[in-house]
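The values are calculated or read from the model by the stated rules, or taken from the named source; none is laboratory data. All values derive from a computational prediction rather than experimental measurement. Here Cβ is always computed from backbone atoms with ideal geometry, including for glycine, and neighbour counts include all displayed protein chains.
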Amino acid sequence: MGLKTIAKLGAMLTLGASLAGCIDATVDVELTSETTAKATLTQVMSADFYAMMKMSAEESETATSEFCTEGDLVENADGSATCTLVEEGTFEELAALEGEDNALHFTSAGPGLVRVALPTAELTGELGSSDDMDAETKQMVEAFFTGHAVTIRISGAEVTETNLELSDDKKSAEIEIPFLDLINGTADLPHEIFAVVRAK
């Protein structure tokens, strides 16, 4: 089982087979000016799963390709591992990274304001339905993904409008989506998530 795509912002937001389970992911899109943004993908693999992956790596040279083939890998004191990958540039440069099937959209929303939007079909369309799984596979998937989620955050100098949860300082807005809700088709999502952000 794998989550192919959370948001297609180049390779950095393509999780592919690396999200085999026991991972929490955060996608943070920060508006840095009226024409530029920085996107950061952070994946945290649980200690047990990371230890299992490292053990498998001793037997197969390809095992390590499942997690953090790009980005900075940090092994944490508690045994977990964090993979961080950053892309920064103009909206056009980020769109070029995404390619024809880009998902993340930046549009002007007035003087000093940019609307950042992500169609939620990108979050659900790449996942196989749990209805197609046999009982054993369902049990394995639930064990891997229970308690794990993807968080999508949009930030800048000020968020003036959004359908996400607005932070107390109004500088960011986010949504946390449990992986199981995506897999089971029970995630209650609007057709797109968005935030209108004032540039820094």
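Just one of the listed residues (Met45, Met53) is surrounded by 15 or more Cβ atoms within 10 Å (Cβ to Cβ) and at pLDDT below 85, and it is Met53.
So, Ala173, is that one within 15 Å of the chain's Cα centre (by Cα), modelled with pLDDT of 95 or more and within 20 Å of Asp24 (Cα to Cα) or not? For Ala173, the condition - within 15 Å of the chain's Cα centre (by Cα), modelled with pLDDT of 95 or more and within 20 Å of Asp24 (Cα to Cα) - is met. Scanning the range 142-158 for residues that are aliphatic (A, V, I, L, M), under 15 Å from Arg198 (Cα atoms) and under 20 Å from the mean Cα position of the chain (by Cα) turns up just one, Ile154. Of the residues making up the range 70-85, those that are assigned to a loop (DSSP other than H, G, I, E, B) and under 16 Å from the mean Cα position of the chain (by Cα) are Glu70, Gly71.
Among the residues of the range 145-180, those that are of a type in the set (D, E, K, R) and buried (at least 16 other Cβ atoms within 10 Å of the Cβ) comprise Arg153, Glu158, Lys171, Glu174. Pairing residues of the range 77-90 that are over 15 Å from Gln43 (Cβ atoms) with residues that are surrounded by 17 or more Cβ atoms within 10 Å (Cβ to Cβ) and among the β-branched types (Val, Ile, Thr), at Cβ distances under 7 Å and at least 6 apart in sequence or on separate chains, gives Gly89/Thr36; Thr90/Thr36. For the range 147-200, the tally of residues that are assigned to a strand (DSSP E or B) and touching a residue at least 12 places away in the same chain (Cβ under 8 Å) stands at 26. Taking the criterion of being in contact with a Cys (Cβ under 9 Å, 6 or more places away or on another chain) and over 17 Å from Leu73 (Cβ atoms), the only residue of the range 32-56 that qualifies is Asp48.
Which residue pairs have Cβ atoms closer than 6 Å, lie 6 or more positions apart in sequence or on different chains, and pair a first residue in the range 33-46 that is within 21 Å of Phe106 (Cα to Cα) with a second residue that is in a loop (DSSP other than H, G, I, E, B) and at pLDDT below 90? Listed pairs, sorted by first residue: Ser33/Ala199; Glu34/Ala199; Ala39/Leu9.
Going through (1) touching a Phe, Trp or Tyr at 6+ places or on another chain (Cβ under 7 Å); (2) in a helix (DSSP H, G or I) one by one, Phe144 falls short only on (1).
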